[in-house]
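**Student:** Attaching a single structure in structure tokens format; questions to follow.
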Amino acid sequence: MKNNTETRERLINISKDGRGADNFRISLPAKWLRDMGISYDKRKVKIVYDSSEKKIIIEKI
């Protein structure tokens with residue numbers, strides 16, 4: 001693991017919407033998002049799911 005890598009364990013919040021569909025949410029540390037330059041005005045991200053590695057990657061657009 002690189003020296004500039006930080007790891008946290010989180011629980012995924014699961015709930016159902018009004019139609020019975022499942023919703024999955026994860027809270028991300030504000031420190032990480034601020035470091036990525038994400039703010040109220042600049043909050044668009046690209047989310048990539050790599051099914052072979054079973055990883056989700058979040059990138060700022």
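The values are calculated or read from the model by the stated rules, or taken from the named source; none is laboratory data. This one's a predicted model, so the numbers in the text were calculated from it and none came from an experiment. Cβ placement follows ideal geometry from the backbone for every residue including glycine, while neighbour counts extend to all protein chains displayed. Areas reflect the complete protein model, heavy atoms only, side chains present, ligands, DNA and RNA absent. Shrake-Rupley method; radii C 1.70, N 1.55, O 1.52, S 1.80 Å.
**Student:** Calculate, for the chain, the solvent-accessible area per residue in square angstrom, rolling a 1.4 angstrom probe over the heavy atoms of the protein chains.
**Tutor:** 101
**Student:** If you filter the chain for chymotrypsin sites (Phe, Trp or Tyr not before Pro), then keep DSSP loop positions with at most 12 other Cβ within 10 Å, what is left?
**Tutor:** TYR40
**Student:** Probe radius 1.4 Å, ligands and nucleic acids ignored: give me the carbon and sulfur share of the accessible area of the chain as a rounded percent.
**Tutor:** Here carbon and sulfur together make up 51 percent of the probe-accessible area.
**Student:** Enumerate the calculated ³J(HN,Hα) couplings along the range 34-43 in order (Karplus 6.51 cos²θ - 1.76 cosθ + 1.60, θ = phi - 60°), each rounded to whole Hz, writing x wherever the residue is Gly or Pro.
**Tutor:** Going residue by residue, I get 5, 4, 7, x, 8, 9, 4, 7, 10, 10 Hz, with x marking Gly and Pro.
**Student:** I need the trypsin sites (Lys or Arg not before Pro) found in the range 14-46, filtered to DSSP loop residues with at most 16 other beta carbons within 10 Å of theirs.
**Tutor:** Within the range 14-46, the qualifying trypsin sites (Lys or Arg not before Pro) (loop, at most 16 other Cβ atoms within 10 Å) are ARG19, LYS42, ARG43, LYS44.
**Student:** Placing unit charges on C-beta atoms (Lys and Arg positive, Asp and Glu negative, everything else neutral), compute the dipole magnitude of the chain about its Cα centre in debye, rounded to 20.
**Tutor:** Charge dipole of the chain: 160 debye, to the nearest 20.
**Student:** As a test of the formula, what do you get for the chain when each DSSP H run with n ≥ 4 contributes -39,500 (n - 2.57) and the sum is divided by the residue count, at 222 nm and rounded to the nearest 500 deg cm²/dmol?
**Tutor:** One gets -2000 deg cm²/dmol as the mean residue ellipticity at 222 nm.
**Student:** Also: How far is it, in nm, from the label point at ILE57 to the one at ARG10 when both lie 7 Å from their Cα along the line to the Cβ?
**Tutor:** 1.8
**Student:** Which residue, chosen from ILE38, SER15, ILE26, occupies the Cα position most advanced towards the positive end of the dipole of the chain, where the dipole is computed from +1 (Lys, Arg) and -1 (Asp, Glu) charges on Cβ about the Cα centre?
**Tutor:** So the residue furthest toward the plus end is ILE38.
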